[in-house]
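Engineer: So that we are looking at the same thing, I have put the structure below in structure tokens.
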There are 2 protein chains.
Amino acid sequence: MAFYDSPQLTDLYQLTMVQSYLDHGMNDKAVFEFFVRKLPSRRNFMVAAGLEPLLNFLTQARFSDEELEYLANSGFFRSNLIDYLSKFRFSGQVDAMPEGTLFFANEPVVRITASLPEAQLIETRLINLLQLPTLVATKAARCRLAAADKLLVDFGLRRAHGAEAGMQASRASYIAGFDGTSNVLAGQQYGIPIFGTMAHAYIQAHDSETDAFRHFADSQPDNLVLLIDTYDTCRGAERVIKLAEQLKAEGKSVKAVRIDSGELGHEAIKVRDRLDRSGHSEIGIFASSSVDEYLLEHLGQQQAPIDGYGIGTSLTTSEDAPFLNCAYKLQEYAGIPRRKRSHGKATWPGCKQVYRHVKDDGQLAFDQLCLETEKPENGQPLLQPVMLEGKRLGAQESFDTLRKRVKQQLLMLTPALANLSQQACLELNISQSLQELTRQTDERFND
Amino acid sequence: MAFYDSPQLTDLYQLTMVQSYLDHGMNDKAVFEFFVRKLPSRRNFMVAAGLEPLLNFLTQARFSDEELEYLANSGFFRSNLIDYLSKFRFSGQVDAMPEGTLFFANEPVVRITASLPEAQLIETRLINLLQLPTLVATKAARCRLAAADKLLVDFGLRRAHGAEAGMQASRASYIAGFDGTSNVLAGQQYGIPIFGTMAHAYIQAHDSETDAFRHFADSQPDNLVLLIDTYDTCRGAERVIKLAEQLKAEGKSVKAVRIDSGELGHEAIKVRDRLDRSGHSEIGIFASSSVDEYLLEHLGQQQAPIDGYGIGTSLTTSEDAPFLNCAYKLQEYAGIPRRKRSHGKATWPGCKQVYRHVKDDGQLAFDQLCLETEKPENGQPLLQPVMLEGKRLGAQESFDTLRKRVKQQLLMLTPALANLSQQACLELNISQSLQELTRQTDERFND
């Protein structure tokens, strides 16, 4: 996986800036924070994800000889930069919200403390590694809120934006409460349960749907989910019933049927009725095709007789919010707090921490943004040290831990925050000290 | 890049189907076609892209021992499948529209002819490799239509969905008419021109904007684009003017300023005025921040004094159309045409070709969808053979060829099709023979 670890996967300006930092001896300690400026309009919370892959990247990032040669010949750089990059190892500190933590706008999610060139160099890939998993984990959590305890499976690899997106999406959706994925490589590499049976092509390749069902029963007796909508959903269901009768005699059974087109709730009612009337209430119904949290909520309200869902495109592309207004900004350099004041993009200066306040009933009350040096009496600090001098602290968190964390945190959402369509936001209290520091910083840089 | 070539990056159902095909000796020739069912609502045409990476994948796809071991122990498969996969090499035929070809709904863009298990096995990654490049090339072409000959640079790596998406986006946008990318690895691996100067962090890390500008001029004298909106855009412009005066004495010059916030047209007018009044009409203005084709069109109508744009998120995520309603469907097996009739997802059966018809003035007239075996007298066939028995035909097309193709084809769009906001579609004529075959196919599979 050398491709992924390459720090050359970056924006050119990171390197031109580092060239200038080196030229001018600007090697002091810098603090950068990754945060989301404003949540997408249909998101009341985000689920932090992507930290584990980021820590892997930071541990393994090296420039190869071939890469250095390209840079040396690019016309942009001098040998002091190439020398620096050839020795580059990330040796900084990382503080972060653990994966699976719910977070809100303007809260630092990951904080990097390192020499200015090091902290600068990792910006592009850091954002690239954190944004998509966070988007997908959030979408998956919303699906889980809408689906209660129905089976949810990631079907979105094909329409994910490339290979890495597909892998990240399988992992992020599993953390956020999905039951598994169709992505075989994610099954192998991450140990996520895999699901899958047949496509329409399988039915079409046979001369009749009956033959196709029978063949599949022979080849996958323990994983018998039959796709029934290739030609006509109701006739497909009738054929499944016939097959189920035959299989009974062989001591085998049909696990479920899958419906992949039409109005899913309507189709499921018809199919459930046929299955039940023929005495096959043991055969489940699995549905796919343009499923998202809004459809899940609608089908739930209808009490549609569907036992599980395959969720594809809407999940892996985070279709209704395909990007985050996120940034990684310099907040302190050489001990002096800094901030950007650009129109609509101003930041809070200094090295910061977020404290979470919870009501007596366990629901979220508000978050407080304050300086790392403040130690408020109340609230729970969300950023934890996870890397020191380039070395990871503690072991990788298990899926079990991560999944429990998300589940537990979703229970802390107020009904307003848990609403999938109506906008609401958690109060972010800005500490007095941070407000004062902001005023001082503006005075200092008001040249 | 072993990760990318792995055919294990697939949906489980591809493998369960292949298990059954092998069990039942279903190894005859199959024809699958990749097409888009319906264009996104804000797209009147698509630009085909991603074929080159697909051909690379097909040439290199192998299952590793580790992967086969995982599958063997997964509980889904028997040894005949594992044996088959251990020897898997794609040995089929590929016919495709050359990259950069404009295409429309229901037109086969890539056609695979191979044994059923082979053709089935590659489905997931084929879609995954074709969708995003096509989305990004289309978005980039729309930006080019809106921007006339202004400089356009891909700035979207950080918010692309993972590493591969960033790489694919750099390549696809360059094919479709961008001038380059900020993505250094894309510069190295593909030979695309790279662009970039400084971020706000660079300015903030200095005690004053004046120092920052001076330092950058020392380190990047030949690439001097200065970001002026960190604190106050107009004051930033004044400082650039002062620096330009100093640099003049040293025989150096400022190439451009960059504005990355606020209302770009408005800010550019103010800055242009200041630069011109001080005699610096040679200093260009480069703008970024939430730029897409709609803003480009708006700024063009306003005649905003902006010479070039960095386009990020909207490009690499194809923000307003983050996925394609695309599919890869079985159209023929063992010499018999097939089609899916699922509600809203029906396909045209058989092995097909698209003929393009052009008016005397060079603009698109209509496309015809017909059977591969038909040889209509008029029109240009769009699908070309590119791989035979698993081997590529001809050399990789150069960027020069691809860029010229897109440029030329965009000129063939009618004003209605070239409109970025109003929906229009090119007529797709269905040949008599194809209509007749569809009727026959439905009769045959009407069991």
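None of the figures in this text is laboratory data; all of them are computed from the coordinates on show. This one's a predicted model, so the numbers in the text were calculated from it and none came from an experiment. All Cβ positions, even for glycine, are placed from backbone atoms using ideal geometry, and neighbour counts span all protein chains on display.
Engineer: Considering every residue in B:14-23, what mean count of other chain Cβ atoms within 10 Å of its Cβ is obtained?
Structural biologist: Mean partner shielding for this stretch: 6.
Engineer: Still on this structure, I have one more. Using a simple spin-label model with points 7 Å from Cα along the Cα→Cβ vector, what separation in nm is obtained for A:Lys252 and B:Gln301?
Structural biologist: 6.3 nm
Engineer: With the alpha-carbon atoms as the only input, what is the per residue convex hull volume for the range A:147-316 in Å³?
Structural biologist: 116 Å³
Engineer: What percentages, rounded to whole numbers, describe P(r) for the protein assembly as shown computed over all alpha carbon pairs with 10 Å bin width beginning at zero?
Structural biologist: 2, 12, 21, 24, 20, 12, 6, 2, 0, 0
Engineer: Taking the number of other C-beta atoms within 10 Å as the exposure measure, put A:Phe57, A:Phe35 in order starting with the fewest.
Structural biologist: With the sparsest Cβ surroundings first, the list reads A:Phe57, A:Phe35.
Engineer: Explain nothing, just the number: relative contact order of chain B, from Cα pairs under 8 Å at least 6 residues apart, as a whole percent.
Structural biologist: This gives 22 percent for chain B.
Engineer: In chain A, what percentage of the DSSP-assigned beta bridges are antiparallel, given to the nearest 5?
Structural biologist: 65 percent
Engineer: Fewest Cβ neighbours within 10 Å first, please rank A:Asp5, A:Asp149 accordingly.
Structural biologist: A:Asp149, A:Asp5
Engineer: Hey, what do the phi angles of the range A:102-115 turn into as Karplus ³J(HN,Hα) couplings, whole Hz, using 6.51/-1.76/1.60 and θ = phi - 60°, x for Gly and Pro?
Structural biologist: 6, 9, 9, 4, 6, 9, x, 9, 9, 10, 10, 10, 7, 4
Engineer: Looking at chain B as a GNM with Cα springs under 10 Å, which of B:Arg142, B:Arg111, B:Arg78 has the largest mean-square fluctuation?
Structural biologist: Taking springs between Cα atoms under 10 Å, the residue moving most is B:Arg78.
Engineer: So for the pair B:Ser64, B:Asn325, with labels modelled 7 Å out along Cα→Cβ, what separation do we get in nm?
Structural biologist: Label-label distance for B:Ser64 and B:Asn325, simple model: 3.9 nm.
Engineer: As an exercise, use a Förster radius of 41 Å and the Cβ-Cβ distance of A:Leu411 and B:Tyr294 to find the FRET efficiency, rounded to the nearest 0.05.
Structural biologist: Approximately 0.50, to the nearest 0.05.
Engineer: Of the trypsin sites (Lys or Arg not before Pro) in the range B:334-396, which ones lie in a loop per DSSP and count no more than 12 other C-beta atoms within 10 Å?
Structural biologist: Hits after loop and neighbour filter: B:Lys359.
Engineer: Taking a 22 Å limit on the Cα-Cα distance, which of the listed pairs A:Lys139/A:Lys340; A:Lys38/A:Lys391; A:Lys38/A:Lys375; A:Lys38/A:Lys345; B:Lys38/B:Lys359 fall beyond it?
Structural biologist: The pairs that break the limit, which is 22 Å between Cα atoms, are A:Lys139/A:Lys340; A:Lys38/A:Lys391; A:Lys38/A:Lys375; B:Lys38/B:Lys359.
Engineer: Here's another thing I want to ask about it. Between A:Arg392 and B:Ala148, what FRET efficiency comes out of the Förster formula 1/(1 + (r/R0)^6) with R0 = 45 Å and r the beta carbon distance, rounded to 0.05?
Structural biologist: Computed FRET efficiency for B:Ala148 and A:Arg392 comes out at 0.35.
Engineer: Counting helices only, and only those DSSP H runs with n ≥ 4, report the 222 nm mean residue ellipticity of chain B as the sum of -39,500 (n - 2.57) divided by its residues, in deg cm²/dmol to the nearest 500.
Structural biologist: -12000 deg cm²/dmol
Engineer: Using a Förster distance of 30 angstrom, determine the FRET efficiency expected from the C-beta separation of A:Gln384 and A:Glu427, and round it to 0.05.
Structural biologist: Computed FRET efficiency for A:Gln384 and A:Glu427: 0.85.
Engineer: One-quarter of the Cα convex hull surface for the range B:104-187, in nm²?
Structural biologist: Directional mean of the projected Cα hull area for the range B:104-187 stands at 6.8 nm².
Engineer: If one puts a single equal scatterer on every Cα of chain B and applies the Debye formula without solvent, what log₁₀ I(q)/I(0) results at q = 0.08, 0.14 Å⁻¹?
Structural biologist: Taken in order of the listed q values, log10 I(q)/I(0) reads -0.55, -1.24.
Engineer: Measure nothing but the geometry: give the 0 to 90° angle between the long axis through the Cα atoms of A:209-219 and the longest principal axis through the Cα atoms of chain A, rounded to 10°.
Structural biologist: 70 degrees
Engineer: While we're on this one: Within a 10 angstrom radius of the beta carbon, how do A:Glu372, B:Glu164, B:Glu66 rank from fewest other beta carbons to most?
Structural biologist: The most exposed by this proxy come first: B:Glu66, A:Glu372, B:Glu164.
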